[in-house]
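Asks: Below you'll find the structure I mean.
The values are calculated or read from the model by the stated rules, or taken from the named source; none is laboratory data. Everything quoted here is computed from the prediction, not taken from an experiment. Neighbour counts are summed over all protein chains in view; Cβ atoms, including those assigned to glycine, are modelled from backbone coordinates with ideal geometry. When the accessible area is computed, the model is the full protein with side chains, heavy atoms only, and any ligands, DNA or RNA have been set aside. Shrake-Rupley method; radii C 1.70, N 1.55, O 1.52, S 1.80 Å.
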Amino acid sequence: FALRRAFEDSVRWKDLKIAVNVSAIQLRNKDFIDEVKMLVSRLKVRPSQFELELTEGILLGDDPETQDRLAELRRMGFSLALDDFGTGYSSLSYLQRYPIDTIKIDRSFLQDLKSGGEAALVIRSIVSLAHGLGRTIVAEGVETEDDLAFLKSIGCELGQGFLLSEPLTEKQVIEVLKAMRVDEQRGGR
């Protein structure tokens, strides 16, 4: 349902990259790839407009079927993100074996940053690793200006969290896109 809805909405949001979570149950379903292909064909969407977010739990077991399904999704044009990185069964080998485009640092690291400790070192390391592997990096849970300043200072190019935007309704997304287009036409960013 969520994937179908995202595909349907994408027709109105051609300029946006849309992220959709994919569960382990979905990915392990032998019919999942065929269902995705059918939806892509029926709804005439561009897979390159979508990033499928996977949790580390999906990669557990490192089975050939999962590898094949992820490779097929990439061949179709989808990009893949490893969500909540660092909280599950993090294995750096996942980043080599699987066709992951984006690493999303779990929000708990930014929360730990506020209380001091080693969180800054861990975040720096993840950002450095992602850059070294040529992956995009996203920090989840950006809630303060201090969070944003720290992330910028270490080269983290993307973030998500309440500081940047609260969750938006479809109507609000459309209004934001309209405002952005007007601003671009006026020469702004």
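Asks: Of all the residues that make up region 6-23, how many are in contact with a strand residue (DSSP E or B) (Cβ under 9 Å, 6 or more places away or on another chain), in a helix (DSSP H, G or I) and open to solvent by 30 Å² or more (accessible area, probe 1.4 Å)?
Replies: Number satisfying all stated conditions: 0.
Asks: Only one of 71, 81 is surrounded by fewer than 18 Cβ atoms within 10 Å (Cβ to Cβ) and of a type in the set (A, V, I, L, M, F, W, C). Can you tell me which?
Replies: Result of the check over 71, 81: 71.
Asks: Same structure, new question: Could you list all residues from region 110-149 that are in contact with a strand residue (DSSP E or B) (Cβ under 9 Å, 6 or more places away or on another chain) and either free of Cβ contacts under 8 Å to residues at least 12 places away in the same chain or farther than 22 Å from residue 79 by Cβ (or both)?
Replies: 110, 122, 123, 147, 148
Asks: Out of all the residues in region 128-174, which are in a helix (DSSP H, G or I) and among the basic types (Lys, Arg)?
Replies: Hits for region 128-174 are 152, 171.
Asks: May I pose another question? Name the residue, out of 164, 113, 151, that is hydrophobic (A, V, I, L, M, F, W, C), farther than 15 Å from residue 82 by Cβ and in contact with a Gly (Cβ under 9 Å, 6 or more places away or on another chain).
Replies: Testing whether each residue is hydrophobic (A, V, I, L, M, F, W, C), farther than 15 Å from residue 82 by Cβ and in contact with a Gly (Cβ under 9 Å, 6 or more places away or on another chain) leaves just 151.
Asks: For region 140-178, how many residues are open to solvent by less than 60 Å² (accessible area, probe 1.4 Å), more than 20 Å from residue 112 (Cα to Cα) and modelled with pLDDT of 85 or more?
Replies: Total meeting the criteria: 1.
Asks: A follow-up question, please. Any idea which residue in region 84-110 is least open to solvent (accessible area, probe 1.4 Å), counting only those that are at pLDDT below 90 and assigned to a strand (DSSP E or B)?
Replies: The selected residue is 85.
Asks: Can you find, within region 33-68, the residue that is nearest to residue 95 (Cα to Cα) among those that are surrounded by 18 or more Cβ atoms within 10 Å (Cβ to Cβ) and of a type in the set (A, V, I, L, M, F, W, C)?
Replies: Out of the qualifying residues, it is 59.
Asks: Then there is this: Report every pair of residues separated by at least 6 positions or lying on different chains whose Cβ atoms are under 7 Å apart, first residue within region 7-25 and hydroxyl-bearing (Ser, Thr, Tyr), second open to solvent by less than 60 Å² (accessible area, probe 1.4 Å) and not in a helix (DSSP H, G or I).
Replies: So the pair list comes out as 10/18; 10/45.
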